[in-house]
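Right, one structure below, let's go through it.
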Amino acid sequence: MKKFTIILAVFGLFMLSSQTAKAQCKTFAKGTCKTELLPFVHDGIYNATVLSEGETVELYKTFYSGQDYRIVVCGDENLPPIEFQILDGDRNVLFDNREANLAKVWDFKLSSSQMLVVSIQVQTSEEMSDEIKSGCVAVLVGFMNIENKLE
């Protein structure tokens, strides 16, 4: 019974620290990344997580035709450079920030509605260290509201 209690306590601490990290990343996304969307209107979804150098993650999101969009990918300043690509459903590259001086922002408009993949990779640091760097990485999406276009 004592062993079960210890395992349960460790699991509880792990879940609590995981939730704390998610909350910190959401705060990072709101405070640091959201301003990069302006003058676009944020879609209200905060896609943010803790990544370590060398890790890759993908986000799948549907975008609609005729709408102007902005995607922002930003990470903690202590992380190595973040590379990202936007891929269509057939995995054709629509945008690669390596070809745009590691830009954090991409503005676009699609001629047909489709699901796109945002593929993110945190590069490995070139400096020698025993510690793997990690930090929050956020992907925010904004759209151009018709009122914003008129201003």
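Nothing in this text is a laboratory measurement; each read-out follows from the coordinates by a stated rule. No experiment lies behind these values; they were computed from the predicted model shown. Cβ coordinates were reconstructed from backbone atoms using ideal geometry, including for glycine residues, and neighbour counts include every protein chain displayed.
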Checklist outcome for this item: Beyond 19 Å (Cα-Cα) in this structure, taken from 30/109; 30/133; 61/109, we find 30/109; 30/133
Item to check | trypsin sites (Lys or Arg not before Pro) restricted to the range 74-151 and DSSP loop, no more than 12 other C-beta within 10 Å | outcome: 91
Checklist entry - Using the Cα gyration tensor of the range 27-76, with a ≥ b ≥ c the square roots of its eigenvalues, what is the shape: rounded (a/c below 1.5), prolate (a/b larger than b/c) or oblate (neither)? => result oblate
Item to check | Computed lengthening from residue 32 to residue 107, 0.36 nm per intervening residue step minus Cα-Cα distance | outcome: 25.1 nm
Checklist entry - When averaged across all projection directions, what area in nm² does the alpha-carbon convex hull of the range 80-151 cover? => result 7.1 nm²
